[in-house]
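The values are calculated or read from the model by the stated rules, or taken from the named source; none is laboratory data. Not measured: the values here are computed from a predicted model. Neighbour counts are summed over all protein chains in view; Cβ atoms, including those assigned to glycine, are modelled from backbone coordinates with ideal geometry. SASA here: full protein model, heavy atoms, side chains in, ligands and nucleic acids out. Shrake-Rupley method; radii C 1.70, N 1.55, O 1.52, S 1.80 Å.
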Amino acid sequence: MKGAQQATHLTKQLLTFSRGGNPVKKVHKVEILIRDAIEISLSGSKQRCQTEIAPDLWNTKVDGGQIIQNFNNIIINAKQAMPEGGQISIKAKNFHQTWDGENLNLGEAKYVRVEIRDSGVGISQSIIGNIFDPFFTTKKNGTGLGLATCYTIIKKHGGDIRVESEPGKGTVFYIYLPAEEEHIFTESDAMQAEKGSGRVLIMDDDEMIINMLTLLLKSLGYSVEGAMDGEAAIELCKEKINSESAFQIAILDLTVSGGMGGEETVGHLKALEPKIKVLVSSGYSTDPIMSNFKKYGFDGVMPKPYTKESLSRALSKALQK
Ligand SMILES: Nc1ncnc2c1ncn2[C@@H]1O[C@H](COP(=O)(O)OP(=O)(O)OP(=O)(O)O)[C@@H](O)[C@H]1O
Ligand SMILES: [Mg+2]
């Protein structure tokens, strides 16, 4: 990872880890969150991933973006533990405290248990007690915040995270998330990541976010181009005017470090391409622009972190207007 990129990565981990992390919970199908995480963290890599999801798996009421981030951090560690490639296995099943004689000493009775297993280097007994500590790392470029972030996220959801490992053989993480008892309508039922089409312009100062969005949107059928600030977004838009590849929709990050942000960019894009739909995106859902987006010239909002469903819904809604 490049220096600057690593710094934003660190800032994001720290944000979730320390203060930014109050979960915004909705009912989700865990399977969909697992699939999104696999898609983001294993795209283009030589490690393979096998999944086994119980067909009767309960739903959970969680912050989808945070739980995806939690799975991502663990899958990335698994990948790094097998530098020569290898198999990652993810299983999800229902777990009841009174079954199997296993007692978690957690408050609820019903959980969804996700197991993420690798056949990598393993973790020695002398450090296994430290891996969830903030800043504990054995990697040259590690922040040591990956698992600390996971721990915070899972605890804020009333769940638990456990690890078992055998050096030289591999490691397995168990994540327990409280199950949602009522089978009510889920975010995922409502919006089985609807496919779409159209040309999307993404503006974000974080290259990782551009890459992740590009991947998710392409898998939904959109074609995508990215710009790292407002100036670059306007330039890209200008190049395409009146051509077949003119943009139909733009997702603009509200705050861009050292460049033109979304608030200023939206007017320029609308002047160039009057029909373009522009969504404002931010991790700060309490920002007044996010709640009064119309007043600032936007057609919709796209809160971070993203899930495939929230993205597909926001895009198809904006394109229908
Ligand atoms: N699947 C795994 N196999 C072997 N060791 C692991 C695994 N997962 C975590 N560890 C150990 O736990 C440590 C802490 O992991 P954590 O994800 O918190 O930080 P990191 O991976 O070192 O840094 P970052 O996540 O910022 O890249 C790692 O440095 C590694 O020693
Ligand atoms: Mg890590």
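The table below lists the values:
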| read-out | value |
| --- | --- |
| Where Asn105 falls short, out of the listed (1) within 15 Å of ligand 1 (Cβ to nearest atom); (2) without any contact (Cβ under 8 Å) to a residue 12 or more places away in the chain; (3) more than 23 Å from Gly170 (Cβ to Cβ) | (1) |
| Wholly enclosed strands (runs of 3 or more DSSP E) of segment 226-321 bearing at least 3 residues open to solvent by 10 Å² or more (accessible area, probe 1.4 Å), without any contact (Cβ under 8 Å) to a residue 40 or more places away in the chain and not assigned by TED's automatic domain parsing to the domain that holds Met208 | none |
| Qualifying residue in segment 71-78 (condition: open to solvent by 30 Å² or more (accessible area, probe 1.4 Å) and either at pLDDT below 90 or within 16 Å of ligand 2 (Cβ to nearest atom) (or both)) | yes |
| Single residue of segment 117-160 satisfying the filter (near ligand 1 (Cβ under 8 Å from one of its atoms) and outside any loop (DSSP other than H, G, I, E, B)) that is most open to solvent (accessible area, probe 1.4 Å) | Ile127 |
| Hits in segment 41-62 (condition: under 17 Å from Ser219 (Cβ atoms) and surrounded by 22 or more Cβ atoms within 10 Å (Cβ to Cβ)) | Ser41 |
| Failed item, numbered, when Gly65 is tested on (1) closer than 17 Å to Cys150 by Cβ; (2) within 16 Å of ligand 2 (Cβ to nearest atom); (3) open to solvent by less than 20 Å² (accessible area, probe 1.4 Å); (4) modelled with pLDDT under 90 | (2) |
| Of all residues making up segment 51-80, the number that are in a strand (DSSP E or B) and either in contact with a His (Cβ under 9 Å, 6 or more places away or on another chain) or within 16 Å of ligand 1 (Cβ to nearest atom) (or both) | 4 |
| Members of segment 135-162 found to be under 30 Å from Glu180 (Cα atoms) and either of a type in the set (Lys, Arg) or within 13 Å of ligand 2 (Cβ to nearest atom) (or both), listed by number | Leu145, Gly146, Leu147, Ala148, Thr149, Cys150, Tyr151, Lys155, Lys156, Arg162 |
| Where a residue in segment 71-92 is at positive phi and its partner, wherever it lies, is part of a loop (DSSP other than H, G, I, E, B) and more than 10 Å from ligand 2 (Cβ to nearest atom), with Cβ under 6 Å and at least six apart | Gly85/Lys46; Gly85/Gln47; Gly86/Gln47; Gly86/Ser119 |
| So Ala250, is it hydrophobic (A, V, I, L, M, F, W, C) and over 22 Å from the mean Cα position of the chain (by Cα) | no |
